[in-house]
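For reference, the structure is listed below as structure tokens.
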Amino acid sequence: MMLDYIEVIWGVILTIILSMILGYFLGALGSFAAFIFVTAYVGYNVNDDLMNGAFHGAIVAVLAGICSFIIMLIMWGLGFGPGSTIMMFGVVGIILGILIDLIFGAIGGAFGSAIRG
């Protein structure tokens, strides 16, 4: 199973942008919908099998979750509002959030591969 770096990088960028936009308007459900939508797109593009799609989706979701967390910390440090809410649940909440992202990403990636296959 080879990692398609281009798809992963584009998937992370698209996930971060779409997750923040939909999350702003629709809350957590919008953010998770963005993860599923973009990881399904990535799974569709890798087009090998369900496991490869799930693997790519999970990688994209975890990296996007970590990058989003870093962006939120930067926003919080600069005094912008959205980053302060992540501190409410502490490190355990952040780890659980990234694990949930992983699950949604794997589901989305497998779904995208299934559509293509």
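The numbers here are math on the coordinates, done by the rules we state, and not lab data. A quick note: this is a predicted structure, and the numbers were derived from the prediction, not measured. We place every Cβ from the backbone using ideal geometry, glycine too, and count neighbours over all the protein chains shown.
Can you give me the convex hull volume of the Cα atoms of the chain, divided per residue and expressed in Å³?
Cα-based convex hull of the chain, divided per residue, equals 87 Å³.
Once you place label points 7 Å from the Cα toward the Cβ at Phe80 and Ile66, how far apart are they in nm?
2.2 nm
Would you look at the GNM of the chain, springs on alpha carbons closer than 10 Å, and say which of Leu22, Leu78, Leu14 moves the most?
Between Leu22, Leu78, Leu14, it is Leu78 that shows the largest mean-square fluctuation.
Karplus couplings for segment 2-8 from phi (6.51 cos²θ - 1.76 cosθ + 1.60, θ = phi - 60°), rounded to Hz, Gly and Pro as x?
Calculated HN-Hα couplings, in order: 8, 7, 8, 4, 5, 4, 5 Hz.
Starting from the 7 Å offset along Cα-to-Cβ, what nm value, one decimal, do you get for the label separation of Leu3 and Ala114?
Calculated label separation equals 2.6 nm.
To the nearest 10 degrees, how steeply does helix 50-77 sit against the main Cα axis of the chain, on a 0 to 90 scale?
Approximately 20 degrees, to the nearest ten.
Choose one answer from Ala28, Ala40, Ala58: the residue with the largest mean-square fluctuation in a GNM of the chain with alpha-carbon springs under 10 Å.
Top of the fluctuation ranking is Ala28.
Run lengths n ≥ 4 of DSSP H only: what is the helix-derived mean residue ellipticity at 222 nm for the chain, with -39500 (n - 2.57) per run over all residues, to the nearest 500?
Rounded to the nearest 500, it is -29000 deg cm²/dmol.
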